[in-house]
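Heads up: the structure comes next, in structure tokens.
The values are calculated or read from the model by the stated rules, or taken from the named source; none is laboratory data. Bear in mind the structure is a predicted one, so any value in this text is a computation, not a measurement. Every residue, glycine among them, receives a Cβ derived from its backbone with ideal geometry; neighbour counts consider all protein chains shown.
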Amino acid sequence: MTNSHNPPPRVQLPDDFFRRAYEIYPSLREAGGVHEVTFPGGGTAILITDYKLARQALGAESLRKNPAATTSPEVKEFADLTLPALALAERLPWSDPPEHTRLRALVADAFTPRTVAALQPRVQEIAEQLLTDLATAEEPVDLLPAYATPLPVQVICEILGVPAGDHQQFGEWVQTMLLSQSPGQERARASKKFAYYLIEQVRQRRQRADLVSWTSEDPLPADLLGTLIIRCDAAVADDPANAELPPADRLTAADRAIATNTTVLLAAGYETTRGLIANSIMLLRPEIRDELVANPDRIDTYVEEVLRILSPGPFATLRYTTAPLPLGQVEIPPGRVVIVGLGAANTDPTVFDDPLQVHLADRSGPIHLAFGLGMHYCIGARLARLEGQVALRALLASYPDLCLAATPADLPWAESILTAAPQYLPVRLTPARV
């Protein structure tokens, strides 16, 4: 039988692709929605821009995520180019079952509906304090360092139990790792400092009285770092492969597992929410702002539209084929990197009417894919939504005349496969004086 599938067509993406992506997506979709592309800065992958094919790929069992588990040179190169600051050890976003199931279970308690809902008063308090601090700021105000950045940093650090005095340093490290256009050595250096600091925090946390005296009959600690210590220590101790290891080596293995997974939680909890808050402000045209001020109950719908129209994570994290994967009219061979264009899929006009426009009336039809799908659905999605909703509601309650002080197209952009958000967000909090 003749194979009816063809290899995907090849496309060299332009140097300004990340800024102009939404202008380029329509032509890619019209040409089939699956292309072999070379990203700006290097890295070859199969890029999916069609919504239905994106859903198929996100649920494909033949796709794997752990780059250490393949010998494919393409996967290795792509991982080195796009994940230089995060590829130190086992990581939840780049793991496969059964490891993925185990790692996800370690942190799942922190992101249940009840746990996230209980955070709402504290997120509100943090937002209001930041907005109070803006009252004396000279306009225009850059809301990235003043609001969109410190809010999620403080929230995720408080969840983990990181000392308040270190929150700003965390933000700087994560920005270097994920956003910096600096050479890879600088990003790797920031990643190592971040990881070493976390390992030290784990060691200090383990010495506190509540963990020293903890037994299985006691409730888990209130901070996620304490819970991770208890669970990772137990997992390492119970693993038959570690039976012959001396206690010091077991402790080192547990410390590394805790620190590396904490790194991902901090990076994801910070950067995704930071981008969501920034993008929600950037897309806030005056007529939409006035509608939300008059009807705050529509803010939740607006946040969903922002997630769909301008996903802060524009591409799903790295996947690769382990077997031939038919997608539409093409077949992807084993050993190829597959990147699902979440932003492209979420603005597919065959699925979403008027896809680049905000609709404050609830949309019917399929869900957006901003947080992925299936087993790798973003574990922090509820928290990101909550912070985005609270941040915008508090901002408009304090400054109902807020407006962007620049044209969105003129704002410097984060040119990265990991994030889509402005790097400068000037606003006027009150009407300009005539």
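Which number in (1) β-branched (Val, Ile, Thr); (2) within 29 Å of Pro98 (Cβ to Cβ); (3) out of contact with any helix residue (DSSP H, G or I) (no Cβ under 6 Å at 6 or more places or on another chain) marks the one condition that Val212 misses? Result: Val212 passes all but (2). Checking the condition touching a Ser or Thr at 6+ places or on another chain (Cβ under 8 Å) and either farther than 27 Å from Ala420 by Cβ or not in a helix (DSSP H, G or I) (or both), which residue from Leu225, Leu251, Leu211 passes? Going through Leu225, Leu251, Leu211 in turn, the sole match is Leu225. Only one of the numbered conditions (1) surrounded by fewer than 23 Cβ atoms within 10 Å (Cβ to Cβ); (2) at pLDDT 95 or above is not met by Ala278, and that is (1).
Under the condition of being in a loop (DSSP other than H, G, I, E, B), under 25 Å from the mean Cα position of the chain (by Cα) and surrounded by fewer than 20 Cβ atoms within 10 Å (Cβ to Cβ), the residues counted in the stretch 390-415 number 3.
Does the stretch 401-432 hold any residues that are among the polar types (S, T, N, Q) and closer than 14 Å to Glu138 by Cα, and which are they?
The answer is Thr430, and nothing else.
The test for being under 24 Å from the mean Cα position of the chain (by Cα) and without any contact (Cβ under 8 Å) to a residue 40 or more places away in the chain holds for Tyr377.
For the stretch 416-434, the candidate set comprises residues that are more than 19 Å from Tyr270 (Cβ to Cβ) and modelled with pLDDT of 90 or more; within that set, the residue that is surrounded by the most Cβ atoms within 10 Å (Cβ to Cβ) is Val427. The set of residues from the stretch 25-52 being more than 25 Å from Pro73 (Cα to Cα), buried (at least 17 other Cβ atoms within 10 Å of the Cβ) and either among the charged types (D, E, K, R) or under 23 Å from the mean Cα position of the chain (by Cα) (or both) comprises Tyr25, Arg29, Asp50, Tyr51. Every condition in (1) more than 20 Å from Pro408 (Cα to Cα); (2) at pLDDT below 95 holds for Pro296 except the one numbered (2). Within the stretch 231-245, residues that are under 15 Å from Arg256 (Cα atoms) and free of Cβ contacts under 8 Å to residues at least 60 places away in the same chain have Cβ atoms under 7 Å from residues that are β-branched (Val, Ile, Thr) and surrounded by 12 or more Cβ atoms within 10 Å (Cβ to Cβ) in these pairs: Asn242/Val236, counting only partners at least 6 apart in sequence or on another chain.
Selection of first residues in the stretch 196-216 that are under 16 Å from Ala253 (Cβ atoms) and touching a residue at least 40 places away in the same chain (Cβ under 8 Å) and of second residues that are part of a loop (DSSP other than H, G, I, E, B) and among the hydrophobic types (A, V, I, L, M, F, W, C), restricted to Cβ pairs under 9 Å at least 6 apart or on distinct chains, gives the following pairs, ordered by first then second residue: Leu198/Val162. Would you call Ser213 under 30 Å from Leu143 (Cβ atoms) and of a type in the set (S, T, N, Q)? So Ser213 does not fit the description; no. Within the stretch 32-48, being under 21 Å from Pro324 (Cβ atoms) and either touching a helix residue (DSSP H, G or I) at 6+ places or on another chain (Cβ under 8 Å) or assigned to a strand (DSSP E or B) (or both) holds for Gly33, Val34, His35, Glu36, Val37, Thr44, Ala45, Ile46, Leu47, Ile48. Look at Thr44 and say whether it is at pLDDT below 95, under 27 Å from Leu310 (Cβ atoms) and of a type in the set (S, T, N, Q). For Thr44, the condition - at pLDDT below 95, under 27 Å from Leu310 (Cβ atoms) and of a type in the set (S, T, N, Q) - is met.
Among the residues of the stretch 228-248 satisfying the criterion of being outside any helix (DSSP H, G or I) and closer than 22 Å to Ser216 by Cα, which is modelled with the highest pLDDT?
Looking only at the stretch 228-248, we keep the residues that are outside any helix (DSSP H, G or I), and these are 239, 243-246.
Of the ones still in play, those that are also closer than 22 Å to Ser216 by Cα are 239, 243.
Values: Asp239: 75, Ala243: 72.
Once the filter is applied, the top-ranked residue is Asp239.
One residue alone among Arg29, Arg19 is in a helix (DSSP H, G or I), touching a residue at least 24 places away in the same chain (Cβ under 8 Å) and farther than 25 Å from Gly335 by Cα, and that residue is Arg19. If the condition is being within 19 Å of Pro366 (Cα to Cα) and among the acidic types (Asp, Glu), then the stretch 39-67 contributes only Asp50. Only one of the numbered conditions (1) touching a residue at least 60 places away in the same chain (Cβ under 8 Å); (2) out of contact with any helix residue (DSSP H, G or I) (no Cβ under 9 Å at 6 or more places or on another chain); (3) not hydroxyl-bearing (Ser, Thr, Tyr) is violated by Pro412, and that is (1).
When the stretch 383-409 is examined, which residues are found to be over 29 Å from Gly43 (Cα atoms), of a type outside the set (A, V, I, L, M), out of contact with any Leu (no Cβ under 6 Å at 6 or more places or on another chain) and touching a residue at least 12 places away in the same chain (Cβ under 8 Å)? Across the stretch 383-409, the qualifying residues are Arg385, Glu387, Gln389, Arg393, Pro400, Asp401, Cys403.
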